[in-house]
Amino acid sequence: QVQVVESGGGLVQPGGSLRLSCTASGSIFSLYAMAWYRQAPGKQRELVASINSGSSTSYADSVKGRFTISRDNAKKMVYLQMNSLKPEDTAVYYCKATFMNTYWGQGTQVTVSS
């Protein structure tokens, strides 16, 4: 069983930055496709950014140019650098690892408010 754990959420003012971190257990982390999703109250969970085993990335249109996903296979970590945060970025952010099966973390709250 792969365990996925997120960290780094919190309260930030509009225009500020946060970096989310995610680690996934297992000896084949480098083969995992990793992704960040978010879910705001009353809304469906949506894909924010993804990075595959070859480090190719993709982003939702709403975060392009503001968010950056990256991975460090040696540390078994994936990161989401979030800049120029807006109130509409407020959500619970989830990390997902995929290899043969899909594994989700428990989520970390990000609140953008003055």
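The values are calculated or read from the model by the stated rules, or taken from the named source; none is laboratory data. This one's a predicted model, so the numbers in the text were calculated from it and none came from an experiment. Methodologically, a virtual Cβ is constructed for each residue, glycine included, from the backbone with ideal geometry; neighbour enumeration extends over all protein chains shown. Side chains are part of the model used for accessible areas, which takes the heavy atoms of the whole protein and leaves out ligands, DNA and RNA. Shrake-Rupley method; radii C 1.70, N 1.55, O 1.52, S 1.80 Å.
Counting only heavy atoms of protein chains, what accessible area per residue, in Å², does the chain have with a probe of 1.4 Å?
52 Å²
What's the longest uninterrupted piece of the chain once you rule out the trypsin sites (Lys or Arg not before Pro) that are loop residues per DSSP with at most 14 other Cβ within 10 Å? After excluding every exposed loop site, the longest remaining stretch is 1-42. Centre-to-centre, using Cα atoms only, segment 66-114 and segment 1-40 are separated by 4 Å. Rolling a 1.4 Å probe over the protein heavy atoms of the chain, with every protein chain left in place, gives an accessible area that is 48 percent carbon and sulfur. Modelled label positions at Q44 and A60, each set 7 Å beyond Cα in the direction of Cβ, lie 1.2 nm from each other.
For S53 and Q106 in the same chain, what is the full-extension length gain: residue separation times 0.36 nm, less their Cα-Cα distance, in nm?
16.8 nm
Bridge orientation summary for the chain: considering DSSP beta bridges with both residues in this region, about 95 percent are antiparallel.
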